[in-house]
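The values are calculated or read from the model by the stated rules, or taken from the named source; none is laboratory data. As the structure is a computational prediction, the values presented were derived from the model and not from experiment. Every residue, glycine as well, gets a Cβ built from its backbone with ideal geometry; the counts of neighbours run over all protein chains shown. Heavy atoms of the whole protein, side chains included, go into the accessibility calculation; ligands, DNA and RNA do not. Shrake-Rupley method; radii C 1.70, N 1.55, O 1.52, S 1.80 Å.
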Amino acid sequence: QVQLVESGGGLVQPGGSLRLSCAASGSIFSIYARSWYRQAPGKQRERVAAITTGGSTNYADSVKGRFTISRDNAKNTVYLQMNSLRLEDTAVYYCKADALAGTYWGQGTQVSVSS
């Protein structure tokens, strides 16, 4: 089992920045990929960014150049640095871990972009 705890969400004005964190615990040795998803009201959950154990990253077109996914292996934590936030970035953000034993999700953290 893997447990994921997100933090860092909040309310920010357009153009502002936030950094989300996702700390993993449990059977972390089996994790081979970590990612961030988001779900806006009335929309499907979409993948925002992903990072593999090898360090490869990829991003949704809508966030390229604005969001950066990174990790701290010593802390078993993945981050999502979000810059130049837009109104349409408002959503609940979830972290996900793909592990040999299965797929795990965090509880979600709300990001609201509003003037």
**OP:** Please find, within the stretch 19-39, the residue that is nearest to T77 (Cα to Cα) out of those that are surrounded by 14 or more Cβ atoms within 10 Å (Cβ to Cβ), in contact (Cβ under 8 Å) with a residue 40 or more places away in the chain and small (G, A, S).
**Re:** A23
Original post:
Within the stretch 74-95, can one find any residue that is β-branched (V, I, T), at pLDDT below 95 and outside any helix (DSSP H, G or I)?
Top reply: no
Original post:
Considering only residues of the stretch 67-115 that are without any contact (Cβ under 8 Å) to a residue 60 or more places away in the chain and open to solvent by less than 20 Å² (accessible area, probe 1.4 Å), which is nearest to S17 (Cα to Cα)?
Top reply: F67
Original post:
Taking the stated definitions as given, is G55 surrounded by 12 or more Cβ atoms within 10 Å (Cβ to Cβ), modelled with pLDDT under 95 and at positive phi?
Top reply: no
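How about the stretch 43-52: which of its residues are modelled with pLDDT of 95 or more and either exposed (fewer than 14 other Cβ atoms within 10 Å of the Cβ) or of a type outside the set (G, A, S) (or both)? It would help to see each step written out before you state the result.
Restricting attention to the stretch 43-52, the residues satisfying the condition of being modelled with pLDDT of 95 or more are 43-51.
Hits for the stretch 43-52 are K43, Q44, R45, E46, R47, V48, I51.
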Original post:
Can you name every residue in the stretch 96-115 that is in contact with a Leu (Cβ under 8 Å, 6 or more places away or on another chain), in a strand (DSSP E or B) and not hydrophobic (A, V, I, L, M, F, W, C)?
Top reply: K96, Y104, T109, S112
